[in-house]
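Each remark here refers to the structure printed beneath this line.
The values are calculated or read from the model by the stated rules, or taken from the named source; none is laboratory data. Just so you know, these numbers come straight off a predicted model, no measurement behind them. Every residue, glycine as well, gets a Cβ built from its backbone with ideal geometry; the counts of neighbours run over all protein chains shown. Keep in mind that these areas ignore ligands, DNA and RNA; they rest on the heavy atoms of the full protein, side chains included. Shrake-Rupley method; radii C 1.70, N 1.55, O 1.52, S 1.80 Å.
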Amino acid sequence: MADAIIQVVAGKLIDALKEHSGRVLEFRSQFMELKTQLDFMKSFLADANKLKRKEETVKTTLSMIRELTYDAEDILTDCLLRAEFRDHVFRCNHFLPREMIFQHRTSKRLKDINGRIEKMHKVLKTYLKTIGQQGVHDDVSSVIHRRWTSPAFDESSIVGLAEDTMKIIGWILPTKKQLHQVGIIGMGGLGKTTITQKIFNNHAILERFEERIWVSISQTVNEEETMKTMLKQLGEDTYGLDMGQMLPKIKQALEGKDYLIVMDDVWSVHGWWERLLAGLPKREGQSSAVIITTRKESVTIEMGVEKARIHQPRVLNEEESWALFCRIAFSSEKEAKQHYELEELGKDIVKKCCGLPLAIKTVGGLLKSKTLSTDVWRRIHNNFHDELATREGESSVMASLQLSYDELPTRLKQCLLCFSIYPEDSVISAEQLVHWWVGEGFVQGKDSRTAIELAFDYLSELISRCLVEVVKQRGFDGRVYTCKMHDLVRDLTIKIAREESFCSFDEHGKQRPSIQSRRLGFTGEEDVKSLNKKSKLRAFLMMNSSPVSPDKTIPLFRVRSLRVLDFSLNKLENIPIPKLLHWIISLQRLSYLNLRGVASLKELPQLIGDLRNLQLLVLNGCNNLQKLPSSITNLQKLNVLDLGYCPMMRYLPQGLGRLSNLQELSGFTVPSEADGNGCRLGELQWLSKLKVLRVNINEESDIAEEELTVLSHLKQLKVLSINTEGCEKEEIFRKLDGLSPPPHLEELYLRYYRGVTTPMWMNPKSLRDLHYLCIENGDLQFVRPSFEGGKTITWKVEGLCLKFLARLQVEWDLVMSVMPRIRYVEVSHCYMLKSFPCNTEKLGVWRK
């Protein structure tokens, strides 16, 4: 498998060279030569991706390409930043000597890179001729193998799963429906096939279905073989039949019968299932079922399974895990008790499997083959991850999980590898991951979709492929807040990250900072003395909240290559902030900076405006941050500016409207009339790409009448939050009542609203695309008649949140009639709501 990172960075470079070649005219010929060479490298990567066993030539070449693509990206970034600096700041010639020095150095660097690529090109041409095209295809055929399964199973080796089995049997036994379709999804080794085998051989199923068919699909779908398998199990002769004859014969054999078909281990659909399903009999009086097992939720949906009929088995609990282990490593739990000296070690080993049945069986089988020796068991206990990783065969844990990784599209591979730097059992912020991916350029905006939106989609896709687990998510649409990764999937990401030099790890999976390290999740235990000016570090993320000794991090201040710097999990209480900021403003390539919750941060230096590559700036929760420098308006690439929960911030500087690429603005405080240097609400109308806006209005805020239409100019705005905490001025709420809302708003949050009735613009005609409405705290008592819409117009709202609205009087029947699409309601401390189907005094949740 070729380097996912190389493919992404090389592709990104080629796109950037196409787009920006006009801005680097003085180096155009050298960059065009670089583009030509990179195009060749991409074709080599495509061939290398097909090779199962990499020869040293390939491994060495991939390592060299990796270094070259990173170096080339650095040069292009520096050139583009320099061009922007010239365009926006200096238009005269008194900096000519500095320009000449920059051009000389850059030209030399490009010449060096192109020379290195040319040498590599010659080596590769010779190598590719040597292996020949046939050699590549031979290796490809050895990679593609079918994982064969059957309905036969050993009941004695199964523990748990009864709950899963009975749930799915309950779904398919009723005879009212012509065709039940059920999906079982989960990571490799979770027991999807085992559950299906139990269902397939269940006594009630044997009585219910006249015909049962088991088809093992695996990664490569062979439509002809699939139909032959079905015909053979139906007792039909397939000799001489072509594909056009097989499906009618299957239909004929199943006509008038109730049948159960299992499609086990499905990886993709691509039309074959649609053709097969269309040929299956579905008549009045028949009631049949199809069970699909897969690692990808999207596969079950493509095959026609309703979300409510998709089941994801849980991992085994501690008791079940131990029982399964004993059946494999011993003959029973009774025998295990006879070896009490091994029991404690065994239970610790089982805990490391984290409830994954395949891992428990693998390590149990390994120990069964060994002598019952404490020393042997302790060695396996101490080297657990290595022992699992070195187990051979397609049924081994790592081989099973590796299939899921190999099948990922390139765009998701480098995103998954980011999980490798998080400590074991970490609960990970989805927002932090998304910002990191965007900051490093792993995800870029496309068409009308922003990079942030696409990054959340990527995370959802990793979750749907059962490689990442949801910890907390939003109720109405499933937006992920936090997530985690199974320890064994994490072991796989560490293994691959080490192989591809994505991060530096030692043999125990611990991060090992070095001059070659590209990414580091800093816990305070790492020795960072090796990081210096020549370090290649691109991403640095603090991994815990424990106070860090200044001595531990001072060596970091000599690193100059960072794109991503995230301190959001640490308050930096022992770190001298002036020194930290002095270092930060030297990071010219920095794209993402997160200083969330740094209490000692009072202001940013004026020189922050020199970080022209900055795309994401997060200062959320900096309680003592008082102001931003006017130079912040120089950051033309800025997409995200988050100043939420910064109570000392009176206003943002004038000129904010110049940030024409801004997509998310949180914590915008409307200034008072006396704050002449503050950015007025009206200036936001120039932020034409804004999709998320969170506004704070306080007692001193001033809104002019002509500013009330500003939101209507924001044609792309999807999320709007208005927070009036601490504001009691009737004049402000009168003006808020007259706001003109954005035309395509999808989410609205209204907090501490002091009006008695809902604002005039809060109606389904003005907010025709609204999907989620949240009103929290305040004096709201009634909804206006316009809120109810009319016979021809109703709300499209699917999610509703009402909290701490003690005086609000609304009936549930009204909600249901004006919001017919409602499917999620969250209510808390709303004592006067009537007939609601959930608790309205404490936290209550209703789902349709």
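Tabulated data for the structure shown
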quantity: Among the candidates 175, 106, residue that is modelled with pLDDT of 70 or more, part of a loop (DSSP other than H, G, I, E, B) and touching a helix residue (DSSP H, G or I) at 6+ places or on another chain (Cβ under 9 Å); calculated: 175
quantity: Residue, modelled with the lowest pLDDT, within the range 788-802, restricted to residues that are open to solvent by 20 Å² or more (accessible area, probe 1.4 Å) and within 17 Å of residue 747 (Cα to Cα); calculated: 794
quantity: Pairs, first closer than 18 Å to residue 753 by Cβ in the range 695-716, second open to solvent by 60 Å² or more (accessible area, probe 1.4 Å), C-beta under 7 Å, six or more apart; calculated: 699/728; 699/729
quantity: Residue within the range 721-736 that is touching a Lys or Arg at 6+ places or on another chain (Cβ under 6 Å) and free of Cβ contacts under 8 Å to residues at least 24 places away in the same chain present; calculated: yes
quantity: Odd one out for residue 805 among (1) open to solvent by 50 Å² or more (accessible area, probe 1.4 Å); (2) assigned to a loop (DSSP other than H, G, I, E, B); calculated: (1)
quantity: In the range 658-671, residue surrounded by the most Cβ atoms within 10 Å (Cβ to Cβ) [restricted to those that are touching a strand residue (DSSP E or B) at 6+ places or on another chain (Cβ under 9 Å), under 20 Å from residue 639 (Cα atoms) and not aromatic (Phe, Trp, Tyr)]; calculated: 662
quantity: Members of the range 248-263 that are under 14 Å from residue 218 (Cα atoms) and either open to solvent by 10 Å² or more (accessible area, probe 1.4 Å) or in contact with a Pro (Cβ under 9 Å, 6 or more places away or on another chain) (or both); calculated: 262
quantity: Lone unmet requirement of (1) open to solvent by 70 Å² or more (accessible area, probe 1.4 Å); (2) at pLDDT below 75; (3) touching a helix residue (DSSP H, G or I) at 6+ places or on another chain (Cβ under 9 Å) for residue 376; calculated: (1)
quantity: Failed item, numbered, when residue 724 is tested on (1) crowded, with 18+ Cβ neighbours inside 10 Å; (2) over 38 Å from the mean Cα position of the chain (by Cα); (3) of a type in the set (S, T, N, Q); calculated: (2)
quantity: In the range 808-832, the residues that are open to solvent by less than 20 Å² (accessible area, probe 1.4 Å) and assigned to a loop (DSSP other than H, G, I, E, B); calculated: 808, 810, 819, 822, 830
quantity: First in the range 263-287 and under 23 Å from residue 185 (Cβ atoms) and without any contact (Cβ under 8 Å) to a residue 60 or more places away in the chain, second anywhere and of a type outside the set (Val, Ile, Thr) and open to solvent by 80 Å² or more (accessible area, probe 1.4 Å), Cβ under 7 Å, 6 or more apart; calculated: 269/302
quantity: Residue count, the range 688-740 (criterion: of a type in the set (Lys, Arg), within 18 Å of residue 777 (Cβ to Cβ) and part of a loop (DSSP other than H, G, I, E, B)); calculated: 1
quantity: Residues within the range 293-319 that are more than 13 Å from residue 191 (Cα to Cα), open to solvent by less than 70 Å² (accessible area, probe 1.4 Å) and charged (D, E, K, R), tallied; calculated: 2
quantity: Unique residue being surrounded by 20 or more Cβ atoms within 10 Å (Cβ to Cβ), closer than 20 Å to residue 800 by Cα and touching a helix residue (DSSP H, G or I) at 6+ places or on another chain (Cβ under 9 Å) when the list is 693, 739, 748, 714; calculated: 693
quantity: Of the criteria (1) over 22 Å from residue 594 (Cβ atoms); (2) hydrophobic (A, V, I, L, M, F, W, C); (3) in a helix (DSSP H, G or I), which one residue 470 fails; calculated: (3)
quantity: Residue 630 being open to solvent by 10 Å² or more (accessible area, probe 1.4 Å) and either more than 30 Å from residue 511 (Cα to Cα) or modelled with pLDDT under 90 (or both); calculated: yes
quantity: Selection count, the range 672-690, where residues are open to solvent by less than 10 Å² (accessible area, probe 1.4 Å) and not hydrophobic (A, V, I, L, M, F, W, C); calculated: 1
quantity: Scope the range 420-433; condition more than 15 Å from residue 566 (Cα to Cα) and either touching a strand residue (DSSP E or B) at 6+ places or on another chain (Cβ under 8 Å) or buried (at least 23 other Cβ atoms within 10 Å of the Cβ) (or both); matching residues; calculated: 420, 423, 425, 426, 427
quantity: Condition met for residue 215 (under 18 Å from residue 300 (Cα atoms), at pLDDT below 85 and under 33 Å from the mean Cα position of the chain (by Cα)); calculated: no
quantity: Those residues of the range 473-488 which are under 16 Å from residue 297 (Cβ atoms) and either assigned to a helix (DSSP H, G or I) or at pLDDT 90 or above (or both), in sequence order; calculated: 480, 483
quantity: Residue in the range 170-205 that is nearest to residue 407 (Cα to Cα), counting only those that are free of Cβ contacts under 8 Å to residues at least 60 places away in the same chain and crowded, with 17+ Cβ neighbours inside 10 Å; calculated: 197
quantity: Answer residue from the range 160-169, given it is of a type outside the set (Gly, Ala, Ser) and open to solvent by 20 Å² or more (accessible area, probe 1.4 Å) and is farthest from residue 263 (Cα to Cα) among those; calculated: 163
quantity: Residue pairs meeting the criteria (Cβ under 6 Å; at least 6 apart or on separate chains; first closer than 17 Å to residue 783 by Cβ, in the range 825-839; second open to solvent by 30 Å² or more (accessible area, probe 1.4 Å) and of a type in the set (Gly, Ala, Ser)); calculated: 831/806
quantity: Sole exception among (1) assigned to a helix (DSSP H, G or I); (2) open to solvent by 60 Å² or more (accessible area, probe 1.4 Å); (3) under 18 Å from residue 178 (Cβ atoms) for residue 284, by number; calculated: (1)
quantity: Which listed residue is touching a Pro at 6+ places or on another chain (Cβ under 7 Å) and open to solvent by 10 Å² or more (accessible area, probe 1.4 Å), from 448, 460, 504; calculated: 504
quantity: Cβ-Cβ under 7 Å pairs, at least 6 apart or on other chains, the range 440-460 side closer than 26 Å to residue 537 by Cα, far side modelled with pLDDT of 95 or more and among the hydroxyl-bearing types (Ser, Thr, Tyr); calculated: none
